[in-house]
Amino acid sequence: MMKISVIQFPGSNCDFDTVHVLNNVMKVRADLVWYKSEDLRGYDAVILPGGFSYGDRLRAGIIAAYSPVMREVKKMAEDGYPVLGICNGFQILVEAGLLPGALLRNSSLKFVCKWVNLSVVSNKSVFTKKLREGDVLKMPIAHNEGRYFIEESDLKEYYRKRQVVLKYTDDKGRVSELSNPNGSIDGIAGICNDEGNVLGLMPHPERASEGLLSPFNSDDGRLVFSSMIEYMSGR
Amino acid sequence: MVVQNFIFVELTEEEIKEARRMLGREPNTLELAMIDAEWSEHCSYKSSKSILKLLPTKGPRVVIGPGYDAGAIDVGDGYVVTLHIESHNHPSAIDPYGGAATGIGGVLRDILCMGTRPIALLDSLRFGNIEESAHSRWLFRHVVSGISDYGNCVGVPTIAGEVEFDDCFERNCLVDVVCLGLSKINDLVLAEAKHPGDSAILVGGSTGRDGIHGVTFASRVLTEKSDKERSAVQIPDPFMKKLIIEATLEAIATGHVRGLKDLGGGGITCGLSEMADKGGCGIDLELSKVHLREKDLDPVEIMISESQERMVFIVEKGHERDVCEVFEKYELPYSIIGRVTDGGNLIVRIKGVDLANLPVKIVANAPIILRKAIEPDYIKRLKTVGDPGIPKDLSPVLLKMLSCPSIASKGWVYEQYDHEVGIRTVVKPGKGDASVLRLPNGSFLAIKVDGNSKHCYIDPYNGAAGCLAEACRNLVSVGAEPLAFVDHLQFGDPGNPEVFWTFSEAVRGLSDFSKALGLPCIGGKVSFYNEDIVQKMAIKPSPAIAAIGRIERQEWITTMNFKHEGDYIVIVGETKSEMGGSEYYEYIHGVVGGNAPKVNSIKEKAAMDSVKEAIRRGIVKSVHDLSKGGMAVALAEMCMSGGMGASIDYSKVPAENLRVDEILFSETYGRFLLEVDNAHVNELLELMRKRVSFGVIGKIEEGSLDFSFGDKRLLSISIEDLKDAWTNSISRCMGEV
């Protein structure tokens, strides 16, 4: 049976939520794995959950990026296993060099928590297999350092390689200043590696997987997890 | 280390004399400092205890009532929720960021030390005039940011709250924070040390010089020197707190934690003496074991330091290792600092030498002070204030009301808070009158905090009861049955008989109303000395009431946004000429005074019961209670959140000979607005008949909010204009739009 590891760093706070959704909504086995673990053998995928690893000290995600478990996470990424970073997990993946770019402080200089519309730009990653390009999803964001930045010159290359996965848009899929909650370049909300097995995104799919919790009675977050599960079962 | 000869003591001459008499000897310097901390108003409730006795505290669902760090309510299927409210007013007035953040830290520990996981935070905030005062904007911005940074990092969602603005809070802002906890009933832990031989283990942050004399600082008025007392404000560390939360819950799961207390006001002194007193034991404390931030701390400083992020565990003898392994996993500093004894004394030693030896009964039970209460002159004076004239055009008045910071959207505040983490938040901030969380047993919990200092100033008895009534109406509006409340009572100097009168009136009001509703008070807090002698201003009496309710079924959860065009709008409850303390009088006309709304517990209960029944029968689609800004504001809010307009005939509002502005803006209690469709309107009216006053006042329509009297049109405002006034008002005040 497939098994997913959800890494617990000191200060992670979406760890239980992510495990809850995987176990009880997606009905797959997910275990919490303490950050000191140096062995992820037996797991078919790894998720770095949201939160404030090390209290965001020094810079969001950077201390966790150097913790023991990350050597294993890198190995899994290299071996083609699905690796998903949500919010602080995205920040950790960027700091660990597994994804390009940087996550800067929001342009408002304030923490922002709200539901946003996300357009699927590319379904290249293993987490977006079940999505169609152009689909608009609803998920909440909650972050202080979510402003994705990358040099314009590199951006073209990532578009060409279809690594830009999600963008903040309006409900019709249009990018505008109003629909961009944090000042990310081009409204980018999620990006994957060239192989498509490592994805980082600022929105929280685990908070958007049960209709009861959605102001729109939607469960779009499930599509991220079910894409991953489908990929794992075919692997 | 030596005990310093010179310390600051806030105790009065009589209190020192009383301590001497109770001890039968002269207390030494350390002992005096310990008594000083524990006998502070903040820790001892010495002025308020005799009045607080009036409040009802029993009920079928009450598992733990007042007297512990939090109250606990049975929510069924073996689960309990714990509830507590705290303020951090003085610290926030001089250091808004650190003061507010450590306020969150404190209330989280209160919930945690009951053995329950903190699952939600709420905040109830009061500031001066942010439209005019840069100082108030500074306080507001940094208080919100302190709450945001701390609550978000620690992973507990901030799901509801309220903000009020009034000149009286210009320097002395009020920062109240509410925390809700959840656990299995069998996992509850009490702050008691009752098994001699057990170990006292101090866990978490090291003890340092921050927060020295915090409780005594909080137990006097603010002065021009207060800004120099920032050392009395503790240093927040939400990351450490997050580790403490997880480690504490894991430690409890070992089954060997027999007592637990957070160290807040009064530090180690209060923590240990209160646990020993409750458990009927003593504690031997070895001070050299306490892990310190600075080596040269003297015993007085160690005993009263309020350094943050510390907990004391009472651990079953012989099982210290099991519990300490959990602390080691989280790399939390800890030290075994003492042992529970069968004597009744708190003995403080350094390397075996006695430094203090005090009966815990004496330390933990300050002599009660009976304060004088005299009705202030201003109360009668305010009642005779004349009515202002009716403005010619009420359209701009309604728009101005919507932009009034106390009424305008609080999106600027709650979007800075993570209100989703924990994935329990079903009704989110701004969507309903109260926020709703799902519970693990399939039922739902509604929670809200309310206050109204303008009403309480003019009429403390009815105003305080009115705050509780509003909190309950908010719960009922989302489909809940109110279960219990906690109160935070904030006043000026209790030594002033006029201030003390307002305090005892407020408690009497709360007590009478909660008894009438059969609603127990399961805890609370009193904060006196909210005065600023620079401006010679005491705050208006400001109780903040947090109430919780239970919703058994998902289909009962109700929100306030209008759902369908063509549906009827029904008002429940009679509107009266009770304009005193209304936002309309104060914000539009600058008039303070008149008759403030009065509670009528029979009518209030009848209105709540009818609305509850209508929701349970499934015949109403949206519900909103009437509060600040009255009917016109409530209708505008329903329109804006639903993106629909409404056509209202205000001649249909149950009221006797009222002026048009009174009908629109009166803040009379006991009223609701309901949306009902054509198929259910008769059933609803039948249900209401003979129980409450009501009127079918209009219909939901496209585009604009219109008011008419019969055929005569009074005003019409488009939804876009309403939204523009309401949505960005606070951002505009803060210079961000």
Which is within 14 Å of chain B (Cβ to nearest Cβ), in contact (Cβ under 8 Å) with a residue 24 or more places away in the chain, not aliphatic (A, V, I, L, M) and not in a helix (DSSP H, G or I), of A:ASN106, A:ASN117? A:ASN106
Meets criteria (outside any loop (DSSP other than H, G, I, E, B), surrounded by fewer than 20 Cβ atoms within 10 Å (Cβ to Cβ) and not assigned by TED's automatic domain parsing to the domain that holds B:ARG25) for B:ARG321: no
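Mind listing whichever residues of region B:282-318 are acidic (Asp, Glu) and buried (at least 24 other Cβ atoms within 10 Å of the Cβ)?
So in region B:282-318, the residues acidic (Asp, Glu) come out as B:284, B:286, B:294, B:296, B:298, B:301, B:306, B:309, B:316.
Result: B:GLU306, B:GLU309.
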Given the conditions (1) more than 30 Å from B:ALA484 (Cα to Cα); (2) in a helix (DSSP H, G or I), report the number of the one that B:GLN535 does not fulfil. (2)
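Can you give me the number of residues within region B:130-147 that are surrounded by fewer than 24 Cβ atoms within 10 Å (Cβ to Cβ) and in contact (Cβ under 8 Å) with a residue 40 or more places away in the chain?
Initial filter on region B:130-147 (surrounded by fewer than 24 Cβ atoms within 10 Å (Cβ to Cβ)): B:130-138, B:141-142, B:145.
Pick out the ones that are also in contact (Cβ under 8 Å) with a residue 40 or more places away in the chain and you get B:130-131, B:137-138, B:141-142, B:145.
Residues flagged as surrounded by fewer than 24 Cβ atoms within 10 Å (Cβ to Cβ) and in contact (Cβ under 8 Å) with a residue 40 or more places away in the chain within region B:130-147 amount to 7.
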Scanning region B:493-545 residue by residue, those of a type in the set (Lys, Arg), surrounded by fewer than 24 Cβ atoms within 10 Å (Cβ to Cβ) and at pLDDT 95 or above turn out to be B:ARG508, B:LYS515
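Residues of region B:115-162 being of a type in the set (A, V, I, L, M), under 18 Å from the mean Cα position of the chain (by Cα) and not in a helix (DSSP H, G or I), which ones?
Residues of region B:115-162 of a type in the set (A, V, I, L, M): B:119-122, B:125, B:130, B:134, B:139, B:143-144, B:147, B:154, B:156, B:159-160.
Remaining after also requiring under 18 Å from the mean Cα position of the chain (by Cα): B:119-122, B:125, B:143-144, B:147, B:156, B:159-160.
Residues satisfying the conditions are B:ILE119, B:ALA120, B:LEU121, B:LEU122, B:LEU125, B:VAL156, B:ILE159, B:ALA160.
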Can you work out which of the residues in region A:38-90 that are more than 14 Å from every other protein chain (Cβ to nearest Cβ) and assigned to a strand (DSSP E or B) is surrounded by the fewest Cβ atoms within 10 Å (Cβ to Cβ)? A:VAL46
Is it the case, given these coordinates, that B:ALA120 is out of contact with any helix residue (DSSP H, G or I) (no Cβ under 9 Å at 6 or more places or on another chain), touching a residue at least 24 places away in the same chain (Cβ under 8 Å), of a type in the set (A, V, I, L, M) and within 14 Å of another protein chain (Cβ to nearest Cβ)? yes
Among (1) of a type outside the set (D, E, K, R); (2) free of Cβ contacts under 8 Å to residues at least 40 places away in the same chain; (3) away from chain B (no Cβ under 14 Å) - the single one A:LEU178 does not satisfy: (3)
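Name the residue, out of B:PHE165, B:PHE169, B:PHE127, that is in contact with a helix residue (DSSP H, G or I) (Cβ under 6 Å, 6 or more places away or on another chain), crowded, with 22+ Cβ neighbours inside 10 Å and among the aromatic types (Phe, Trp, Tyr). Reasoning before the result, please.
Details: B:PHE165 fails: in contact with a helix residue (DSSP H, G or I) (Cβ under 6 Å, 6 or more places away or on another chain); B:PHE169 fails: in contact with a helix residue (DSSP H, G or I) (Cβ under 6 Å, 6 or more places away or on another chain).
Of B:PHE165, B:PHE169, B:PHE127, the one residue that is in contact with a helix residue (DSSP H, G or I) (Cβ under 6 Å, 6 or more places away or on another chain), crowded, with 22+ Cβ neighbours inside 10 Å and among the aromatic types (Phe, Trp, Tyr) is B:PHE127.
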Taking the stated definitions as given, is A:SER122 away from every other protein chain (no Cβ under 14 Å), more than 13 Å from the chain's Cα centre (by Cα), part of a loop (DSSP other than H, G, I, E, B) and at pLDDT below 95? no
Scanning region B:27-54 residue by residue, those free of Cβ contacts under 8 Å to residues at least 60 places away in the same chain and touching a Leu at 6+ places or on another chain (Cβ under 9 Å) turn out to be B:LEU32
If you check B:ASP74 against the conditions, is it among the charged types (D, E, K, R) and over 24 Å from B:LEU346 (Cβ atoms)? yes
Candidate set: region B:415-434, residues that are surrounded by 24 or more Cβ atoms within 10 Å (Cβ to Cβ), more than 7 Å from every other protein chain (Cβ to nearest Cβ) and touching a helix residue (DSSP H, G or I) at 6+ places or on another chain (Cβ under 6 Å); chosen: the one nearest to B:CYS639 (Cα to Cα): B:ASP433
Exactly one condition in (1) of a type outside the set (Phe, Trp, Tyr); (2) touching a Phe, Trp or Tyr at 6+ places or on another chain (Cβ under 7 Å); (3) assigned to a helix (DSSP H, G or I) is not met by B:VAL363; state its number. (2)
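Determine whether A:ARG235 is within 16 Å of the chain's Cα centre (by Cα) and in contact (Cβ under 8 Å) with a residue 24 or more places away in the chain. Outline the logic, then answer.
Details: within 16 Å of the chain's Cα centre (by Cα): no; in contact (Cβ under 8 Å) with a residue 24 or more places away in the chain: yes.
No, not satisfied.
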For region B:655-731, please list each of the strands (runs of 3 or more DSSP E) lying entirely inside it that holds at least 3 residues being touching a residue at least 12 places away in the same chain (Cβ under 8 Å) and within 21 Å of B:THR575 (Cα to Cα). B:672-676, B:694-701, B:704-709
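The values are calculated or read from the model by the stated rules, or taken from the named source; none is laboratory data. A quick note: this is a predicted structure, and the numbers were derived from the prediction, not measured. Reconstructed Cβ throughout: ideal geometry from the backbone, glycine too, with neighbour counts over all protein chains shown.
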